[in-house]
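The values are calculated or read from the model by the stated rules, or taken from the named source; none is laboratory data. What you see is a predicted model; the values in this text were computed from it and never measured. Because the Cβ atoms are built from the backbone with ideal geometry, glycine has one as well, and the counts that use them run over all protein chains shown. In case anyone asks, the SASA skips ligands and DNA or RNA and just uses the protein heavy atoms, side chains included. Shrake-Rupley method; radii C 1.70, N 1.55, O 1.52, S 1.80 Å.
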Amino acid sequence: METTALERLIDAYCSAWSEPDAGRRRALLDAVWNEGASYTDPRAHAVGAEALTHHIGRILEHRPGARVVRTSAVDEHHGLVRFAWRVIEADGKQLPEGIDFAEIAPDGRIARIVGFFGPLAARA
């Protein structure tokens, strides 16, 4: 998949994380989320667009008006991508950057996301 298409895919995915309306959020996910795709982060695991739609909704309940923005290029090889992102709260406060790793399905949609919060700790 070419870089521009990957960027559009990931930016649409990030838009779903910023959408307060569950119906519009689900429509955004349906366009980019492969059937049966999974999302995993340190606090959650969701399988399928419906589960992820609800998970995002619970997050947005605690952070009304927050949005997720991609903060890096989209790096890709062998159907795998990585990108950095950050939550910007409604008042403009920026939370620490996170990183997601995604597997892209043969149909060009996301098959799996594994996310990490914040920077890596220095080696001890």
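So who's got an amide H within less than 5 Å of the one on ALA66, skipping anything under 5 residues away but keeping other chains? H placed 1.01 Å off N, in plane.
Those qualifying (amide H under 5 Å, at least 5 residues apart or on another chain) are ALA90.
What's the magnitude of the charge dipole for the stretch 1-72 around its Cα centre, counting Lys and Arg as +1 and Asp and Glu as -1 at the beta-carbon? Answer in Debye, nearest 20.
280 debye
If amide hydrogens are placed 1.01 Å from N in the peptide plane, which non-local residues have theirs closer than 5 Å to the one on SER72?
So SER72 has HN proximity to ALA84.
Over the chain, with a Gaussian network built from C-alpha contacts below 10 Å, which listed residue (GLY92, GLY65, GLY48) shows the highest mean-square fluctuation?
GLY92
Under unit Cβ charges (Lys, Arg +1; Asp, Glu -1), what dipole magnitude, rounded to 20 debye, does the chain have relative to its Cα centre?
With only Lys, Arg, Asp and Glu charged at Cβ, the dipole is about 360 debye.
Mind checking which of ALA16, ILE59, SER38 is farthest towards the positive end of the stretch 1-61's charge dipole, using Cβ charges of +1 (Lys, Arg) and -1 (Asp, Glu) about the Cα centre?
Of ALA16, ILE59, SER38, it is ILE59.
For the stretch 8-35 and the stretch 85-124, what is the separation of their C-alpha centers, rounded to whole Å?
For the stretch 8-35 versus the stretch 85-124, the Cα centre distance is 15 Å.
If you roll a 1.4 angstrom probe over the protein chains with everything in place, what fraction of the accessible area of the chain belongs to carbon and sulfur, to the nearest %?
Here carbon and sulfur together make up 53 percent of the probe-accessible area.
Near ILE99, within a Cβ-to-Cβ distance under 13 Å, what is the net charge of the other residues, with Lys and Arg +1 and Asp and Glu -1? Please list the in-between numbers first.
Details: positive: ARG70, ARG82, ARG86; negative: ASP41, ASP75, GLU97, ASP100.
With Lys, Arg at +1 and Asp, Glu at -1, the net is -1.
Note the listed values (1) 13, 47, 33, 6, 0; (2) 12, 43, 30, 10, 4, 1, 0; (3) 13, 38, 27, 15, 6, 1, 0, then indicate which one is P(r) over Cα pairs in 10 Å bins from 0, in percent calculated from this particular structure.
(1)
In a shell of Cβ-Cβ distance under 9 Å around VAL114, excluding VAL114 itself, what net charge do Lys and Arg (+1) and Asp and Glu (-1) give?
Taking every Cβ under 9 Å from that of VAL114, the sum is -2.
So what is the relative contact order of the chain, in percent, for Cα pairs below 8 Å that sit 6 or more residues apart?
Normalised by residue count, the contact order of the chain is 24 percent.
Just from its helices, what would the mean residue ellipticity at 222 nm be for the chain, if runs of 4 or more DSSP H residues each count -39500 (n - 2.57) and the sum is divided by every residue, rounded to the nearest 500 deg cm²/dmol?
My calculation for the chain gives -10500 deg cm²/dmol from helical runs alone.
What number comes out for accessible area per residue over the chain if the probe is 1.4 Å? Units Å², please.
Spelled out: the 1.4 Å probe surface of the chain, per residue, equals 59 Å².
Which translational diffusion coefficient, to the nearest whole µm²/s, is obtained for the stretch 56-97 from the Stokes-Einstein equation, given a Kirkwood hydrodynamic radius over C-alpha pairs, 10 °C and 1.306 mPa s?
For the chosen part, D equals 137 µm²/s.
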